[in-house]
Amino acid sequence: MTVTPTQSLALLNSNLTLGWAKSFANRVLNDTGLPPEAQVDRAYKFAYGRTPKDDERQDAVDFLKHQTLADLCHVLLNSNEFLYVN
């Protein structure tokens, strides 16, 4: 299976995908008061069924300093790991 650039752009810019990312973020934030590291762990667990590697966790925590959790969830939903089964 291949993905064309237009398919990737459609998924990235889709209002449906953005809505899913916001819902995903709300699910991650279901337990209030979680520190960013716990939010990242929870998001990875929901998206990939695993916890993030140390460097992935740090990159995501740094990302959250400038972006929202919904933006991080949007990134996770558009990643190759989420889209393809190995």
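Nothing in this text is a laboratory measurement; each read-out follows from the coordinates by a stated rule. None of the values given here were measured: they were computed from a predicted structure. For neighbour counting, all protein chains shown are included, and Cβ atoms are generated from backbone atoms with ideal geometry for every residue, glycine included.
Given the peptides 60-66, 73-79, 28-34, arrange them by the average over their residues of other C-beta atoms within 10 Å, most packed first.
Going by the mean number of other Cβ atoms within 10 Å, highest first, we get 73-79, 60-66, 28-34.
Mind giving me the nanometre distance, one decimal, between the label points for Gln67 and Leu29, set 7 Å out from Cα along Cα→Cβ?
For Gln67 paired with Leu29, the spin-label model returns 1.6 nm.
Among all the lysines, which ones have a C-alpha under 17 Å from Lys53's C-alpha, if same-chain residues fewer than 8 places away are not counted?
Lys45
About the Cα centre, and with charges only on the beta carbon of Lys, Arg (+1) and Asp, Glu (-1), how big is the dipole of the range 11-62? Nearest 20 debye, please.
Values: 7 positive and 8 negative charges, 67 e Å.
With Lys and Arg at +1 and Asp and Glu at -1, about 320 debye.
With a point put 7 Å past each Cα toward its Cβ, work out how far Arg57 is from Asn15 in nm, to one decimal.
The answer from the label model is 3.9 nm.
What do you get for trypsin sites (Lys or Arg not before Pro) in the range 21-56 restricted to DSSP loop and a cutoff of at most 15 other Cβ within 10 Å of the site's Cβ? Present the calculation step by step, with values, prior to reporting the outcome.
Values: sites: Lys22, Arg27, Arg42, Lys45, Arg50, Lys53; in loops: Arg50, Lys53.
When the trypsin sites (Lys or Arg not before Pro) of the range 21-56 are filtered for loop state and at most 15 Cβ neighbours within 10 Å, Arg50, Lys53 remain.
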